[in-house]
Amino acid sequence: MSRIAIIAALEREVSGLIRKSRRIQQSYSGRAFTLYEADGAVLIAGGIGLDAARRAAEAAVELYHPDLLHSVGFAGALQPGMCVGDIFTPSLVIDGRDGGRINIAGGKGTLLTCTHVAGAQQKAKLAQAYAAQAIDMEAAAVATAARVHGITFRATKVISDGFEFDMPDLSRFIDPLGRFRNASFAFHAALRPWLWPRTAELARNSNKAAKALGKYLNDPRHLANNPIEAKTI
């Protein structure tokens, strides 16, 4: 039985952990999940977005009964000083849907969970509105699942796009289960030469971020041997 359940959006975010894990298939609530087990932890890359993260967290709770739900993965910078590859462990997660706040003792800074990919102009507005340092699309849903089940919550994010980087519109390439349609996006970008520089930079940034996150999480101290309590206010 795994004590720690790690919830990510995409396998490429946590490729550094997956390589050392045992891959298995499990079903929960009519959906098949691919899980990775290793060293007292289970990892689920459940898909992009709040709904996908909620389903993955609920599956982890039901199948593994963990003591800790740990939201990990990519995040966008909401401050100019944050660079691609920087690790961010927030002390506060804000749900952008309703303003709900989840405090995490021992962290530092604010992570905003939003329902969509934010471009450069929107990042600046969100940073001002929420006084947040980074933005993701999943952490608040994992935190809510942890609260409902009385489980400790933690979040560790890595910056994958800088404050001034204008993300391409990726929403149309995310299916209802939170899976990213790589082939469709590649075809879309291939027909639009003006997207090539941003697409190439996005790929480089993602690779750098994934390596940094893998290095950080492969240190046993960073998988929460001493879980940090969280509460919702």
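Quick one: in the stretch 182-212, which of the residues that are of a type in the set (S, T, N, Q) and surrounded by 14 or more Cβ atoms within 10 Å (Cβ to Cβ) is nearest to the chain's Cα centre (by Cα)?
Restricting to residues being of a type in the set (S, T, N, Q) and surrounded by 14 or more Cβ atoms within 10 Å (Cβ to Cβ), the top hit is S206.
Which count do you get for residues in the stretch 1-43 that are crowded, with 19+ Cβ neighbours inside 10 Å, over 19 Å from A212 (Cα atoms) and aliphatic (A, V, I, L, M)?
Adding up the residues that qualify gives 5.
Among what's in the stretch 90-116 and is assigned to a loop (DSSP other than H, G, I, E, B) and crowded, with 19+ Cβ neighbours inside 10 Å, pick the residue that is modelled with the highest pLDDT.
So, considering only residues that are assigned to a loop (DSSP other than H, G, I, E, B) and crowded, with 19+ Cβ neighbours inside 10 Å, the one modelled with the highest pLDDT is P90.
Looking at A155, A200, A183, A189, which is the one that is part of a helix (DSSP H, G or I) and either modelled with pLDDT of 95 or more or touching a Ser or Thr at 6+ places or on another chain (Cβ under 7 Å) (or both)?
After applying the criteria, what remains is A189.
To keep it simple, each residue is scored yes or no on (1) in contact with a helix residue (DSSP H, G or I) (Cβ under 6 Å, 6 or more places away or on another chain); (2) exposed (fewer than 13 other Cβ atoms within 10 Å of the Cβ); (3) on the phi > 0 side of the Ramachandran plot.
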position: L126; (1), (2), (3): no, no, no
position: E138; (1), (2), (3): yes, no, no
position: K157; (1), (2), (3): no, no, no
position: S171; (1), (2), (3): no, yes, no
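Looking at (1) in a loop (DSSP other than H, G, I, E, B); (2) small (G, A, S); (3) modelled with pLDDT under 95, which is the one condition that is false for G85?
The one condition G85 does not meet is (3).
Being in contact with a Pro (Cβ under 7 Å, 6 or more places away or on another chain), at pLDDT below 95 and either among the basic types (K, R) or outside any helix (DSSP H, G or I) (or both) is true for just one of S27, S2. Which residue is that?
S2
When residues of the stretch 8-24 are filtered for being outside any strand (DSSP E or B) and under 20 Å from L177 (Cα atoms), how many remain?
6
The values are calculated or read from the model by the stated rules, or taken from the named source; none is laboratory data. Because the structure is predicted, anything quoted here is derived from the model rather than measured. Backbone-built Cβ (ideal geometry, glycine too); neighbour counts: all protein chains shown.
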